[in-house]
Amino acid sequence: MSKFWSEVVHGLTPYTPGEQVQMPGLIKLNTNENPYGPSPKALAAMHEAAGDGLRKYSDPSNAALKDAVARRFGLTREQVFVGNSSDEVLAHTFHALLKHELPLLAPDISYSFYPTYCSLYGIECVQVPLNERFEIDVKDYDRPCGAIILANPNAPTGIALSLAQIEALLKAHPEQPVVIDEAYVDFGGESAAALLGRYDNLLVVQTLSKSRSLAGLRVGFALGHPDLIAGLERVKNSFNCYPLGQVQQAGAVAALDDQAYTEQTSQAIIATRAWLAAQMQALGFEVLPSQANFIFTRHPQRDGAALAAALRERAILVRHFKAPRIDQFLRISIGTDEECGKLVDALKQILA
Ligand SMILES: *Cc1c(COP(=O)(O)O)cnc(C)c1O
């Protein structure tokens, strides 16, 4: 604490990211990183871009990257916003689109950055409880509000809403912006991008961190009506005109264009997820149905924090949240088959 802090700084509750520790032989299943490397084409494009051109500022309009996103989704450049990570895209979204007289609605159990951005930007947020099966019920959002944000698939549950459920939400709130955070959509969800032509209140946010295995590159994007995108551009250009460098943009373009690689690695993760869920159930764990690159699981007789600590002693990191309703759960990122095999072996020892 310092007398030099502004009032807003005193009031902040910063987000706590999963640990990034270095340990020999560590199996890191705590931050939903992709166990397969990025597309070799993305790495080659970044090598190529790391040259004399770095003297110059990067393209402030991010035209090449926006066009790559637009190609991928069959949209125009005016329907695309890009940023330095989807966290940054989300921050600009909260700032530009989610502060209104009536409160923002968000699930009570979801990405914990949402309440953090609310505190940063002075947005009143009402948290709508998930149902007893830990699902989002879109009918629970039938109430006056200024805007809505949710993650689909949701985090940390991994449970996905169907496109029909998202469409019902959009129809029920034609006068409010509805933001769908699709960080995990490539692992079995349905993207609301298909609805963009019909709903001018829809903003879809995605990232290259998970399915494209580029968490360290920091690239995210939003898709929406050109008027929503123009609002985001106004905030971005009042904050940092060059949030993405040339190397970053070149890697992101090549990764987006290498859809075959994304699909191949995502399918491998989906197959490992099914195997891991079955193994965990055989050990007595309850596993929520996941469409993401992690599972959310609890054991009826074992304390979640104690299990996470016992795994940690065996150099396996998983995520445990000390939050109401979910403090008995572990969120386990899907690693390689070998990593998940070692996790199951460790759990067998711990439970024995
Ligand atoms: C990982 C994640 C993000 C952030 O992705 P970055 O692009 O790496 O900032 C956003 N939303 C959810 C729900 C996530 O899990």
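The values are calculated or read from the model by the stated rules, or taken from the named source; none is laboratory data. Fair warning: this is a prediction, and the values are worked out from it, not measured in the lab. So basically every Cβ, Gly included, is an ideal-geometry build from the backbone, and we count neighbours across all protein chains shown.
Select from the stretch 81-137 the residues that are among the β-branched types (Val, Ile, Thr) and in contact with a Cys (Cβ under 9 Å, 6 or more places away or on another chain) and list them in ascending order. Passing the criteria: only Val126.
Within the stretch 337-345, the presence of a residue that is buried (at least 21 other Cβ atoms within 10 Å of the Cβ), in a strand (DSSP E or B) and at pLDDT 95 or above is excluded. Inside the stretch 159-190, residues that are more than 14 Å from the ligand (Cβ to nearest atom) and either modelled with pLDDT under 95 or not in a helix (DSSP H, G or I) (or both) make up a count of 9. Put simply, of Ala255, Ala277 the only residue that is touching a Lys or Arg at 6+ places or on another chain (Cβ under 6 Å) and either surrounded by 19 or more Cβ atoms within 10 Å (Cβ to Cβ) or free of Cβ contacts under 8 Å to residues at least 40 places away in the same chain (or both) is Ala255.
Give, as residue ranges, the helices (runs of 4 or more DSSP H) completely inside the stretch 1-99 that count at least 2 residues that are crowded, with 21+ Cβ neighbours inside 10 Å and either outside the structural domain of Ala215 (by TED's automatic domain parsing) or hydroxyl-bearing (Ser, Thr, Tyr) (or both). Passing ranges, in order: 86-97.
Yes or no, residue by residue, for (1) β-branched (Val, Ile, Thr); (2) modelled with pLDDT of 95 or more; (3) within 16 Å of the ligand (Cβ to nearest atom):
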{"site": "Met46", "(1), (2), (3)": "no, yes, no"}
{"site": "Gly53", "(1), (2), (3)": "no, no, no"}
{"site": "Asn62", "(1), (2), (3)": "no, yes, yes"}
{"site": "Gln79", "(1), (2), (3)": "no, yes, no"}
{"site": "Lys99", "(1), (2), (3)": "no, yes, no"}
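The residues on offer are Ile149, Ile123, and the sole one that is within 23 Å of Ala91 (Cβ to Cβ), crowded, with 16+ Cβ neighbours inside 10 Å, assigned by TED's automatic domain parsing to the domain that holds Ala230 and away from the ligand (no atom under 14 Å from the Cβ) is Ile123.
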